[in-house]
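Working notes, structure below.
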Amino acid sequence: MKTPADLIDKDALIASLVERIEGLMAQNAALAARVAELEAKLGLPPKTPDNSSLPPSKGQKPSLPTIPARKAKPHPGAHRLLHPNPTRHHDVLALACQACGADVSGAEQSPCETYDRVEIPKIEPDVTRVSLHGGTCPCCAKRFKAEAPVGLEPGSPFGANIRAFVIYLRAVQGIPLARLRDALLDLFGLAISEGALVNMLSAGAAPFKAAVSLIKERLLAGTAIASDETGVRVGRANWWLWVFHHGDSAVFVADAHRSKAVAEAFLGDHRPDFWTSDRLSAQAGWAMKEHQVCLAHLIRDVQYAIEAGDTVLGPRLKDLLERACAIGRRRATLKDSTLKAYEADLERCLDRIMALDPIHTAGIKLGRMIPKVRAQLFVFVQNRDLEATNNGSERALRP
């Protein structure tokens, strides 16, 4: 049993902890202000999604005018196309002439105006009550019971369509369980507990795992893989969501780490011929032949160097990388010999740029970084199976 003295000691301890926390918060605020002050003195530009690998969600959107600008070239008004297969037709015949009021019900008429009226029918649960009858066998005097019809077996009361809808709203639209429960009740009058929703999602895991195995098998059968990762919240912890993809095959891996161990566990003993990613060390070293670095990431880093004050390497390097990306977008219309000539010209231009002597710190830093990845800049030009950027991975991670 606690004594009054124990309670006093507890209150004193709590007060001491609160005072210490407040002190640490004040100290943190002072340090943050000092860092901002030093950065302002250095004249470094702020990191944004346009000049760094900062995700778009972390960027500050500019304020736009509240009144939209008037269109310079207005176009004729458009209307909604008629549905190709309407549920029903409603032909309405005129009864009287709008001009003189004469009876026209017997006159020949043809459609003058046709339009659709679209509506959602009342949605309510379709409930099938199943009663399995039974009794006592007159032959053996034992109890018997009817067999359940196929698709109406005992167990979960929720059918396949409800399960598919729940999985879609949860996995694709990312609706939290509590809101999903409320949405099903508000929209359909369907009461499903959060526990039942969790059971539906858990029951659907096995088919998805089988599909993942087939997609992974197809992905590893190719010669090229692109990958990327982004932060994801799992419960109360910060994890990483990885994607490994090529073409129409993509496999996602959620892991607590951002290290090489994730890619190694995914690949096993397999190593693709080509790999596309940003310059994160965990994404490097997996290609048997060549690695293509993402030029979009590199362009943003070069832009930061330009904003920091580099006028020697940065502007020329940005123009070169943007030109390389433009060549990648035109590859479908170019011959192999043309691509070979383009790659050689890009390399010559890069030689001339790297021969320059930058004087700004940001330019010097660029000059040290580019030689480390030079062999990975233009691999995509002649390899039509690769892209100049890793935007495909980013789009997969941020739909």
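The values are calculated or read from the model by the stated rules, or taken from the named source; none is laboratory data. Keep in mind that this is a model prediction, so the values were computed, not measured. Backbone-built Cβ (ideal geometry, glycine too); neighbour counts: all protein chains shown.
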Got at least one residue in region 236-243 being aromatic (Phe, Trp, Tyr) and either surrounded by 21 or more Cβ atoms within 10 Å (Cβ to Cβ) or closer than 20 Å to Ile327 by Cα (or both)?
-> yes
Filter region 153-168 for residues that are surrounded by 12 or more Cβ atoms within 10 Å (Cβ to Cβ) and part of a helix (DSSP H, G or I); which is nearest to the chain's Cα centre (by Cα)?
-> Ile167
Checking Ala282, Ala250, Ala254, Ala263 in turn, the sole residue that is at pLDDT 90 or above, within 21 Å of Val212 (Cβ to Cβ) and outside any strand (DSSP E or B) turns out to be Ala263
Matching residues in region 383-399 (under 20 Å from Arg323 (Cβ atoms) and either at pLDDT 95 or above or surrounded by 15 or more Cβ atoms within 10 Å (Cβ to Cβ) (or both)) number 7
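For region 306-340, name all the residues that are assigned to a loop (DSSP other than H, G, I, E, B), in contact with a helix residue (DSSP H, G or I) (Cβ under 7 Å, 6 or more places away or on another chain) and without any contact (Cβ under 8 Å) to a residue 60 or more places away in the chain.
Result: Asp310, Val312.
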Would you mention how many residues in region 180-194 are without any contact (Cβ under 8 Å) to a residue 60 or more places away in the chain and surrounded by 11 or more Cβ atoms within 10 Å (Cβ to Cβ)?
-> 8
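Does Gln376 satisfy being in contact with a strand residue (DSSP E or B) (Cβ under 7 Å, 6 or more places away or on another chain) and either more than 30 Å from Ala171 (Cα to Cα) or among the aromatic types (Phe, Trp, Tyr) (or both)?
When the stated conditions are applied, Gln376 passes them.
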For region 217-225, state whether one or more residues are among the hydroxyl-bearing types (Ser, Thr, Tyr) and closer than 28 Å to Ser393 by Cα.
-> yes
Can you work out which of the residues in region 277-305 that are in contact (Cβ under 8 Å) with a residue 60 or more places away in the chain and among the small types (Gly, Ala, Ser) is nearest to Thr230 (Cα to Cα)?
-> Ser277
